[in-house]
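Novice: Below: one structure in structure tokens.
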Amino acid sequence: GNQLRADASSGAEHNGPLDHVLALAHVAPPLVFHHQDERFGRHLDALIVRTVPGVGKAVKWNSPFYGVEDQGGWFLSFHCFTKYVKVTFFSGTSLRPLPPGESKHEEVRYLDIHEDDQLDEAQLAVWVTQASQLPGWGKA
């Protein structure tokens, strides 16, 4: 279904969103994406779940969607293509700094992570935190 479900396994307490995001920057060495490596998708999922405790998840169109029930919809999705992963921020034009990828949809911004790119996990976590606090897209 399309219902948001809280992830009970992520019930850790944090001092605040910024402290939590800053702590994530030191969790692991930089991740390098290799195409067709499903571990990258799992790693990205884990980063989102750590960054937004209680995040709801659903799969639509073979892509994971993430939402916060209080915000009424989805704030992020990603899709694993053969040679890159496309992260979609549904309210991306409200994020700072602006994610680099433009969209034909007015508020959407993308982050494309190509094979052998070094992922800036600290920046991604900041965007995920910001996005999770904005009104959601669609009917979650």
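The values are calculated or read from the model by the stated rules, or taken from the named source; none is laboratory data. Being a predicted model, the structure only gives us computed values, none of them experimental. We place every Cβ from the backbone using ideal geometry, glycine too, and count neighbours over all the protein chains shown. Just so you know, the surface numbers come from the protein's heavy atoms only, side chains and all, with ligands and any DNA or RNA stripped out. Shrake-Rupley method; radii C 1.70, N 1.55, O 1.52, S 1.80 Å.
Novice: What pairs can you find where one residue is in segment 96-121 and touching a residue at least 40 places away in the same chain (Cβ under 8 Å), the other is open to solvent by 30 Å² or more (accessible area, probe 1.4 Å) and assigned to a strand (DSSP E or B), and their Cβ atoms are less than 7 Å apart, with a gap of 6+ or different chains?
Specialist: Qualifying pairs under 7 Å: Ile113/Tyr84; His114/Tyr84; Glu115/Tyr84; Asp116/Val32; Gln118/Val32.
Novice: Let me ask something else about it. Given the conditions (1) in contact with a strand residue (DSSP E or B) (Cβ under 8 Å, 6 or more places away or on another chain); (2) exposed (fewer than 14 other Cβ atoms within 10 Å of the Cβ), report the number of the one that Glu106 does not fulfil.
Specialist: Here Glu106 clears every test but (1).
Novice: I'd like the full set of residues that are within 12 Å of Gln130 (Cβ to Cβ), of a type in the set (Ser, Thr, Tyr) and open to solvent by 60 Å² or more (accessible area, probe 1.4 Å), limited to segment 51-101.
Specialist: Matches in segment 51-101: Ser94 only.
Novice: With the requirement that a residue be of a type in the set (A, V, I, L, M, F, W, C) and either within 12 Å of the chain's Cα centre (by Cα) or more than 14 Å from Gly136 (Cβ to Cβ) (or both), what does segment 48-62 give you?
Specialist: Ile48, Val49, Val52, Val55, Val59, Trp61
Novice: Which residues, taken from segment 109-140, are basic (Lys, Arg), open to solvent by 50 Å² or more (accessible area, probe 1.4 Å) and outside any loop (DSSP other than H, G, I, E, B)?
Specialist: Matches in segment 109-140: none.
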